Amino acid sequence: MPAEHDERRDRLARARLYLVCDRRPADFLRAALAGGVDLLQLRDKAASADDLRAAAETFRSCCDEMGALFLLNDRPDLAVACGADGVHVGQDDMKPARAREIVGEELIVGRSTHSAAQIDAATGVDYIAVGPVHATPTKPGRPAVGLEPLRHAAAHARVPWFAIGGLHAGNVGEAIAAGARRVVVVRAITESADPEGAARAIRGALDAAWEEVGVGPA
């Protein structure tokens with residue numbers, strides 16, 4: 001198995017704070033990464049393929065500079081073309097097996113899950129996102145699932161997993177208490193005037209939550 005395959009998955013396993021955002025300038029990305037984001041996904045449903053390619057150059061460069069992983073949403077073909085570390089597919093997107101055929105074994109494939117059944121069915125992927133814990137405008141029409149799926153993932157997930165959905169520095173503690181060790185955020189950083197400070201606040205809240213439940217960030 002190629003060393004690059006193992007290196008990416010080792011970094012994925014160590015990741016704690018995952019930011020999903022639309023096309024953003026390099027200054028924003030560097031600030032978020034400097035604040036503690038260690039996995040960055042480009043998700044912009046309104047962007048054309050050319051727009052995504054152009055944005056991906058900035059995302060890739062910033063992630064390389066700051067030592068973070070770069071994933072692309074929904075487009076495994078572009079993930080390969082843009083030199084991303086992987087692709088994320090939702091329940092309504094391409095099946096993970098097909099995404100794997102396109103990106104190969106070296107790249108990461110992630111999957112959204114919203115229920116215990118979907119968590120259990122998530123095979124052939126390198127990580128899953130579990131949620132939305134809280135209702136969020138970034139997923140209109142998707143009801144909040146609460147904390148119970150996090151508890152199920154903590155007990156049964158076979159791959160690294162991230163809690164997602166309306167999470168911020170003020171409420172990540174409840175996700176950690178339910179068994180999460182990694183979180184995905186969107187608006188908590190993208191809507192902040194200080195993305196570095198927002199990321200640092202979330203990392204600090206994660207540290208405090210891990211200490212409270214008596215575990216390390218494993």
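The values are calculated or read from the model by the stated rules, or taken from the named source; none is laboratory data. Bear in mind that the values here come from a model prediction, so they are computed numbers and not experimental data. Cβ sites come from the backbone with ideal geometry, for glycine too, and all protein chains shown count toward neighbours. For the accessible areas, the whole protein counts, side chains as well, though only heavy atoms, and no ligand, DNA or RNA atoms are used. Shrake-Rupley method; radii C 1.70, N 1.55, O 1.52, S 1.80 Å.
Only a single item in (1) in a helix (DSSP H, G or I); (2) open to solvent by 10 Å² or more (accessible area, probe 1.4 Å); (3) farther than 11 Å from LEU17 by Cα is not met by SER192, and it is number (1). Taking every residue in region 21-43 that is crowded, with 18+ Cβ neighbours inside 10 Å and pairing it with any residue that is polar (S, T, N, Q) and at pLDDT 95 or above, at least 6 positions away or on another chain, the pairs with Cβ-Cβ distances below 6 Å are CYS21/THR190; GLN41/ASN73; ARG43/ASN73. Any residue at all in region 137-152 that is under 24 Å from LEU29 (Cβ atoms) and at pLDDT 95 or above? No, there is no match, as no residue in region 137-152 is under 24 Å from LEU29 (Cβ atoms) and at pLDDT 95 or above. Scanning region 138-165 for residues that are in contact with a Lys or Arg (Cβ under 8 Å, 6 or more places away or on another chain) and not small (Gly, Ala, Ser) returns THR138, PRO160, TRP161, PHE162. Any idea which residue in region 9-20 is farthest from the chain's Cα centre (by Cα), counting only those that are within 24 Å of ALA205 (Cα to Cα) and open to solvent by 10 Å² or more (accessible area, probe 1.4 Å)? My answer is ASP10.
Under the condition of being touching a residue at least 40 places away in the same chain (Cβ under 8 Å) and either assigned to a helix (DSSP H, G or I) or more than 16 Å from TYR18 (Cα to Cα) (or both), the residues counted in region 202-218 number 3. Residues that are more than 18 Å from LEU12 (Cβ to Cβ) and touching a residue at least 60 places away in the same chain (Cβ under 8 Å) within region 175-191 comprise VAL186, ILE189, THR190, listed in sequence order. For ASP6, the test of being modelled with pLDDT of 95 or more and either surrounded by fewer than 18 Cβ atoms within 10 Å (Cβ to Cβ) or farther than 13 Å from THR190 by Cβ (or both) is failed. Tallying residues that are at pLDDT 95 or above and within 17 Å of the chain's Cα centre (by Cα) within region 32-63 yields 18.
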